[in-house]
Amino acid sequence: MAAEKPLTLNMRPDGAALDRAAYERAGGYGALRKALKMSPAEIVEEVKASTLRGRGGAGFPTGLKWSFVPVNAPHPRYLVANADEMEPGTFKDRLLLERNPHLLIEGMAIAGYATGTDVGYIFLRGEYKLAAARIANALAEAYAAGYLGANILGSGYGMELRLHLSAGRYMCGEETGMLNALEGKRANPRAKPPFPPVSGLFGKPTTINNVETLCNVPPIVANGAAWFRGLSRGKDGGTKLYGASGKVNRPGIWELPMGTTIRELLEEHAGGMLDGFRFRGLLPGGASTDFLVEQHLDTPMDFTEVQKAGSRMGTGTMIVLDDKTCPVGMTWNLTHFFAQESCGWCTPCWSGLGWAERVLKAMEEGQGQPGDLEKLAFQTRFWAPGHTFCALAPGAAEPLQSALKYFREDFERHITEGRCPWR
Amino acid sequence: MLSPEERAEIEAEFPHYPNRKAVCIDAMKIVQKRRGWVPDEALADIGELLGMSIADLDGVATFYNLIFRRPVGRHVIYVCDSVSCWIMGSDRQCGHLSERLGIQLGETTPDGRFTLIPIVCLGACDHAPVMMIDDDTHFDLTPARIDRILERYP
Ligand SMILES: Cc1cc2nc3c(=O)[nH]c(=O)nc-3n(C[C@H](O)[C@H](O)[C@H](O)COP(=O)(O)O)c2cc1C
Ligand code: SF4
Ligand code: FES
């Protein structure tokens, strides 16, 4: 029987990690056994047919990504799980890492087999200490049972899997920045092409996927692509880990059908706004997504629909803005983050973000000038895709450009009144 | 000089990567785990072990938030200053910490007990405001909770 919540169903209610024995009792590693009897190409086809799209934020089709590793590509080949999760407002991968580490390991073993990978790394942000301990433990359990290492379950296929703890920087989550970090360098991004499937880690073919993406792989292989598509209410298959933070009654995280509407997430699952607070807007999926407002509440949360509404689903963890929180202050906080985390490579990013942060700070402190809003809006155009080396600057543009659109009056009041009306 | 334990722990990482240079971040973290920070002479020793220049190593060290090139207190307090915590009042919690400890962000108490630094989103936004002290994350902060938590770090 296939679960409707394949990622979270078997998690222990007491918050402890699901150990190997319990994971196996729930059918765990059955998908790996099945996968090893299929051909790698068959697995790639199944994942393509499932319509699984990357859960790291960009929504790239996972099966297609795997097919980019050329069949006769050289070895060693690498697979990297992106467990950096530094996008502000995002707390979904931590749940999977802490509570269901074997699901990630099984997903990586299957993804590794499908892409002919020799060595995998779990790139984990350094602050996730509990996750680190639990993954290390699960890795040892998986090796002991023959799910990892040379000749997995006697299949002739072998993969080593290592845990790498990051030293902390948002740019480590950008996939080529991550490869540099793994090589012991500064996490500046790399020029593309060549793309990682052709020349990635240590110059070898490399596949990079988000934790939640990889955790979806075992259930797809176990239950089939059609089942996976059927979990969703829309075009993008599967379930999604959705979350909400801010002044709502029940901030939290829920595994729900892909395409659950924003209103349902906000009202039913997050329990609506706290008493005395009214909803003003939200960032649907982390700091680097455009604000949505009241008129968008009936949008289904999936990659396709949120994009139509003018934003991105991103990581699917919503950050809610209420009427007692200053939108200018919030935008300043977000811009400060991006300015601080800029790697310094491209001028529009390091210089423009720093400048925008100073303008927003001045505005919040009552020093806003007429014309600031036009200049800020003009600036965000230089951060658009194509002007910079990586997607950090385009991500930074999203909350600012949309805040200027939806909360224009609030910005204007800061300038005309010479103070923040919320202070 | 690297201690024998430091050297052994760094060398144990070698088989996990195809070249030694890739181990440099781990190496600095191994030193920091024991000494609290990464002093200049440790950079020189790591450089010798891995075949890297001090300048290269320092370039890497300064890129990352969690590698300290200056001494820190016995305990490091990382307060989340990202958006969800900010909405939930992290400024006030941070102000309370500053006042209690008598230091600003980036400083260490005169008795060497605490260093206070900001950190980006700790991935616990549903329990904002959040801070981390050493290896422990603390959720749903209020001034009273902060006071109780601090007592656990002598
Ligand atoms: C600045 C920046 C930070 C990123 N951080 C993360 C991250 O922490 N986790 C993640 O999975 N993807 C992150 N991404 C997206 C990755 O570059 C990449 O698209 C993703 O890991 C691919 O996995 P997927 O196809 O499974 O989604 C980031 C991108 C950028 C530009
Ligand atoms: S956009 Fe920003 S973070 Fe990305 S490469 Fe350019 S400077 Fe670095
Ligand atoms: S914003 Fe503070 S934990 Fe996420």
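The values are calculated or read from the model by the stated rules, or taken from the named source; none is laboratory data. This one's a predicted model, so the numbers in the text were calculated from it and none came from an experiment. Here the Cβ positions follow ideal geometry from the backbone for every residue, glycine too, while neighbour counts run over all protein chains shown. Heads up: the accessible areas ignore ligands, DNA and RNA and are worked out on the full protein's heavy atoms, side chains in. Shrake-Rupley method; radii C 1.70, N 1.55, O 1.52, S 1.80 Å.
Here are a few things to note about the model shown:
- Site pair residue A:19 and residue A:140 shows an inter-label distance of 1.2 nm when each label is modelled 7 Å from Cα along Cα→Cβ.
- Amide H partners (placed H, <5 Å) of residue A:252, local residues excluded: A:244
- Coupling constants for the range A:252-268 follow from the phi torsions by the Karplus curve (6.51 cos²θ - 1.76 cosθ + 1.60, θ = phi - 60°), and in residue order they are x, 9, 9, 8, 9, x, 4, x, 4, 6, 4, 4, 5, 4, 6, 7, 7 Hz; glycine and proline get x.
- Summarising the overall dimensions of the range A:2-230 from its C-alpha atoms, the Rg and Dmax are 16.1, 47 angstrom.
- Virtual spin-label span in nm between residue A:422 and residue B:105, 7 Å along Cα→Cβ: 1.6 nm
- Unit charges on C-beta of K, R, D, E only; dipole of chain A, Debye: 640 debye
- Extension gain, residue B:35 back to residue B:113 (0.36 nm per residue minus Cα-Cα distance, nm): 26.6 nm
- Remark on the range B:1-61: hydrodynamic radius 11.2 angstrom, per the Kirkwood mean of 1/r across alpha carbon pairs.
- Heavy-atom accessible surface of the range A:142-231, averaged per residue, reaches 29 Å², computed with a 1.4 Å probe.
- With all protein chains modelled, accessible area of residue A:118 [1.4 Å, Å²]: 50 Å²
- Qualifying trypsin sites (Lys or Arg not before Pro) in the range A:1-105, DSSP loop, other Cβ atoms within 10 Å at most 14: none
- The range B:56-118 versus the range A:202-227: alpha-carbon centroid distance in Å: 37 Å
- Chain A, accessible surface, carbon-and-sulfur percent (1.4 angstrom probe): 53 percent
- Relative contact order computed over chain A (Cα-Cα under 8 Å; 6+ residues apart), in percent: 15 percent
- For the listed residue pairs A:192/A:308; A:37/A:204; A:5/A:129; A:5/A:308; A:185/B:21; A:204/B:33, the alpha carbons are over 20 angstrom apart in A:192/A:308; A:37/A:204; A:5/A:129; A:5/A:308; A:204/B:33.
- Eligible aspartates and glutamates near residue A:48 by straight Cα distance, threshold 14 Å, same-chain separation 8 or greater: A:236
- Nearest-10 value in Å² for the accessible area of residue A:375, using the 1.4 Å probe: 110 Å²
- Cα-only Debye scattering, the protein assembly as shown: base-10 log of I(q)/I(0) at q = 0.13 Å⁻¹: -1.47
- Cα gyration tensor shape of the range A:150-231, rounded if a/c is under 1.5, else prolate or oblate by comparing a/b with b/c: prolate
- Surface accessible to a 1.4 Å probe, residue B:99 within the full protein complex, Å²: 150 Å²
- Paramagnetic reach from residue A:340 in the range B:110-129 [backbone N under 17 Å; point 7 Å along Cα→Cβ]: B:115-125, B:128-129
- Neighbour net charge for residue A:129 - beta-carbon separation under 13 angstrom, K R +1, D E -1: 0
- As an equivalent ellipsoid, the range A:288-423 spans semi-axes of 23, 21, 12 angstrom, where each value is the square root of five times an eigenvalue of the C-alpha gyration tensor, largest first.
- Computed Kirkwood radius, in angstrom, where 1/r is averaged over Cα pairs of the range A:239-322: 12.1 Å
- Estimated D of chain B in µm² per second, where Rh is the Kirkwood radius over Cα pairs and Stokes-Einstein applies at 4 °C, 1.567 mPa s: 77 µm²/s
- For the chain pair A and B, the interface hides roughly 3600 square angstrom of accessible area in total, found with a 1.4 Å probe.
- Only alpha carbons enter this Debye calculation for the range A:2-63, each as an equal point scatterer, and the log10 of I(q)/I(0) it gives at q = 0.27, 0.30 Å⁻¹ is -1.10, -1.13.
- Neighbour net charge for residue A:338 - beta-carbon separation under 12 angstrom, K R +1, D E -1: -4
- Each Lys or Arg adds one and each Asp or Glu subtracts one; over the other residues with Cβ under 15 Å from the Cβ of residue A:177, this totals -1.
- Going from the isolated chain to the complete set of protein chains, the range B:85-110 loses at least 30 Å² of heavy-atom accessible area (1.4 Å probe) at B:86, B:87, B:88.
- Within the listed set A:340, A:307, A:295, the residue fluctuating most in the Gaussian network model of chain A (springs between alpha-carbon atoms under 10 angstrom) is A:295.
- For the range A:174-198, a drop of 10 Å² or more in accessible area on going from the chain alone to the assembled protein chains (1.4 Å probe) is found at A:181, A:182, A:183, A:184, A:185, A:186, A:187.
- Database note for chain B: Cys without another Cys beta carbon under 4.7 angstrom, B:24, B:94, B:121, B:125.
- Antiparallel bridge percentage (DSSP; both residues within the protein assembly as shown; nearest 5): 45 percent
- Over the range A:1-121: Rg over Rh, Cα atoms, Kirkwood Rh: 0.96
- Per-residue extension of 0.36 nm, minus the Cα-Cα distance of residue A:191 and residue A:294, leaves a gain of 33.1 nm for this segment.
- Working from label points 7 Å from Cα in the Cα-to-Cβ sense, the residue A:351 to residue A:4 distance is 5.5 nm.
- Close amide H contacts of residue A:200 (hydrogens built in the peptide plane, cut-off under 5 Å, sequence separation of 5 or more or a different chain): A:206.
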